[in-house]
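Everything on this sheet refers to the single structure shown next.
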Amino acid sequence: MKLSLRFVFSLLILLAVSGLTFGQTWTPLTHQPTFNASTPLLLTDGTVFVQVYGKGGWWKLTPDINGSYLNGTWSQQATMPSGYGPLYYGSAVLRDGRVIVEGGEYNFLQQVETNKGAIYDPVANTWTSVNPPSGWGSIGDGPSVVLANGTYMQGDALSSREALLNASTLTWTTTGTGKADSNSEEGWNLLPSGMVLTIDANNNTTKAEKYSPATGSWSSAGDTGVVLVDPGSHEIGPAVLRPDGTLLATGATGHNAIFNTVTRTWSAAPDFPKNGSQQLDIADGPASLLPNGNVLCATSPGVFAPGTQFFEWDGSSFIPEPATPNSANKSSYEGRMLLLPTGQVIFTDATKDVEIYSPIGSPNPAWAPTITSAPTSVTRGMTYQVKGTQFNGLSQAEGYGDDSAAATNYPLVRITNQATGHVFYARTHNHSSMGVATGTRPVSTQFDVPVGAETGASNLEVVANGIASVPVTVTVQ
């Protein structure tokens, strides 16, 4: 098939030598990991929690004293409970700052659809096993989400069952009546209304559904208008909510769709480009919201074929972006993205090469968190509260589908010493909301001032989805 001039030009750029640069760039970490890096999660103290691919080991990437993740350093963390080393699973950072991991299509790289689970306490650096919901023999790569009220919701990949976790007692309550199909291969997206959106992957239709936390039931969310689900594998791509209230839902077919959360209607988006005769798509794979409002997507041709190519969705078109060193040999499903507090995106691909994407453009100031109440003086090692609006950002920011969940819709507190410029993240917890796009509604979080923070006049910011508030002045005692 004849290629468009635009795509020929884009392809030439993707294959160009390093002397021809993009506005956006990928840069390798200065200190690369000694392990094959898989799923990354953003802890509420600003560190990045990264799993060893297919194993129970985890490491933490800590930014340097200037707040740089590129120059960050690695430290090994506690290993998961004996016998648990999942791949493709549900996960989340909870409102109290702990990390939950549930299920796994694979366990130590053996396909088992495990029902194991565990929760990690970053303060104690310990894991605790979590029993599955009553009667569940599997969880596998079931979808997961933290609801606006802070409750973790998990689906079973092999059925239409869902359950809600009581994070205090580590017990489950059944929910989710009326689901039209099983949860297999589906992803869940939190909407500004507090509803959870999914696209049915097992009916071979274009149907979408929404879950109501108020009723605990599923109902129709309309018709996507285009086929996003690959009929053979049932795979689908990630979906990411943008600040303008539109949600980009990408397909394993090359087709894409837009859900308008205000009008609650669907419309077709442009297809991904072709690479020669090969249609690019995302049959499992990552996407990340950027501070400028665009969505960074990792595509590849067909289902699970190698050749990753990156694009930014700007609301009207897919703009080609540069490749990572391993792109030619990797399929989209092998990649993971995480939006950092700096506005950059960290990318892992199950190897020892970890890259950081630095986008161009600036966020709309209206998207930023706003501080309305904060202490003027804090003491190292003590806990305080900060209040304001939009502390959770306007989106979960990260999408993948069913195999990975790394949402960042929670506030971080960053303290920068005015004299030295040195950066310290205060661990946040007990956020009053885990919703998205909360607008003018007052929200709050607690934060623990690091014992190693430098004393003196400092700037305190709340950061959500890589966008920082206007700073307030605080004196660190």
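The values are calculated or read from the model by the stated rules, or taken from the named source; none is laboratory data. Predicted model, so just to flag it, every value in this text is computed and none were measured. Cβ sites come from the backbone with ideal geometry, for glycine too, and all protein chains shown count toward neighbours.
Quickly run through the range 411-433 and pick out the residues that are closer than 14 Å to P369 by Cα and touching a Lys or Arg at 6+ places or on another chain (Cβ under 7 Å).
H431
Just need a number here: residues in the range 379-402 that are surrounded by 24 or more Cβ atoms within 10 Å (Cβ to Cβ) and modelled with pLDDT of 95 or more.
12
Does T198 meet the test of being out of contact with any Ser or Thr (no Cβ under 8 Å at 6 or more places or on another chain), under 21 Å from H255 (Cβ atoms), in the same structural domain as W313 (by TED's automatic domain parsing) and crowded, with 24+ Cβ neighbours inside 10 Å?
yes
Got a sec? Which of V240, V226 is over 21 Å from G155 (Cα atoms) and β-branched (V, I, T)? Break it down into steps so the answer makes sense when it comes.
Numbers: V240 fails: over 21 Å from G155 (Cα atoms).
Of the residues listed, the single one that is over 21 Å from G155 (Cα atoms) and β-branched (V, I, T) is V226.
Between D141, D181, which is acidic (D, E), crowded, with 22+ Cβ neighbours inside 10 Å and outside any strand (DSSP E or B)?
Just a single option satisfies the conditions, and that option is D141.
Does at least one position in the range 256-264 carry a residue that is charged (D, E, K, R), at pLDDT 95 or above and either crowded, with 18+ Cβ neighbours inside 10 Å or under 27 Å from Q24 (Cα atoms) (or both)?
No, because not a single residue in the range 256-264 is charged (D, E, K, R), at pLDDT 95 or above and either crowded, with 18+ Cβ neighbours inside 10 Å or under 27 Å from Q24 (Cα atoms) (or both).
Listed here are the residues, each with its yes/no results for (1) of a type outside the set (S, T, Y); (2) assigned by TED's automatic domain parsing to the domain that holds G251; (3) over 22 Å from the mean Cα position of the chain (by Cα).
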{"site": "A118", "(1), (2), (3)": "yes, yes, no"}
{"site": "A124", "(1), (2), (3)": "yes, yes, yes"}
{"site": "T128", "(1), (2), (3)": "no, yes, yes"}
{"site": "G135", "(1), (2), (3)": "yes, yes, yes"}
{"site": "D141", "(1), (2), (3)": "yes, yes, no"}
{"site": "G155", "(1), (2), (3)": "yes, yes, no"}
{"site": "L164", "(1), (2), (3)": "yes, yes, no"}
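To keep it simple, each residue is scored yes or no on (1) buried (at least 20 other Cβ atoms within 10 Å of the Cβ); (2) within 18 Å of D141 (Cα to Cα).
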{"position": "W188", "(1), (2)": "yes, yes"}
{"position": "L191", "(1), (2)": "yes, no"}
{"position": "N203", "(1), (2)": "no, no"}
{"position": "T206", "(1), (2)": "no, no"}
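Tally the residues that are out of contact with any Phe, Trp or Tyr (no Cβ under 6 Å at 6 or more places or on another chain) and buried (at least 20 other Cβ atoms within 10 Å of the Cβ), restricting the search to the range 211-245.
Total meeting the criteria: 12.
In the range 279-287, is there at least one residue being in the same structural domain as N204 (by TED's automatic domain parsing) and farther than 17 Å from V229 by Cβ?
Looking for residues that are in the same structural domain as N204 (by TED's automatic domain parsing) and farther than 17 Å from V229 by Cβ, one finds at least one in the range 279-287, hence yes.
Looking at G302, G361, G276, G285, which one is touching a helix residue (DSSP H, G or I) at 6+ places or on another chain (Cβ under 9 Å) and surrounded by fewer than 19 Cβ atoms within 10 Å (Cβ to Cβ)? Can you show your working first?
Working: G302 fails: touching a helix residue (DSSP H, G or I) at 6+ places or on another chain (Cβ under 9 Å); G361 fails: touching a helix residue (DSSP H, G or I) at 6+ places or on another chain (Cβ under 9 Å); G285 fails: surrounded by fewer than 19 Cβ atoms within 10 Å (Cβ to Cβ).
One residue alone meets the criteria, G276.
Taking the range 119-138 as the search range and keeping residues that are farther than 21 Å from H429 by Cα and of a type in the set (S, T, N, Q), which one is surrounded by the most Cβ atoms within 10 Å (Cβ to Cβ)?
Once the filter is applied, the top-ranked residue is S138.
Yes or no, residue by residue, for (1) within 22 Å of the chain's Cα centre (by Cα); (2) among the β-branched types (V, I, T); (3) within 21 Å of N203 (Cα to Cα):
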site	(1), (2), (3)
P238	yes, no, yes
L247	yes, no, no
G251	yes, no, yes
N256	yes, no, yes
S267	no, no, yes
F272	yes, no, no
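Does R336 meet the test of being of a type in the set (K, R) and under 19 Å from Y53 (Cα atoms)?
yes
Which ones in the range 443-460 are surrounded by fewer than 23 Cβ atoms within 10 Å (Cβ to Cβ) and over 14 Å from N149 (Cα atoms)?
Q446, D448, P450, V451, G452, A453, E454, T455, G456, A457, N459
Residues of the range 72-105 being part of a loop (DSSP other than H, G, I, E, B) and free of Cβ contacts under 8 Å to residues at least 40 places away in the same chain, which ones?
S82, G83, G85, G104
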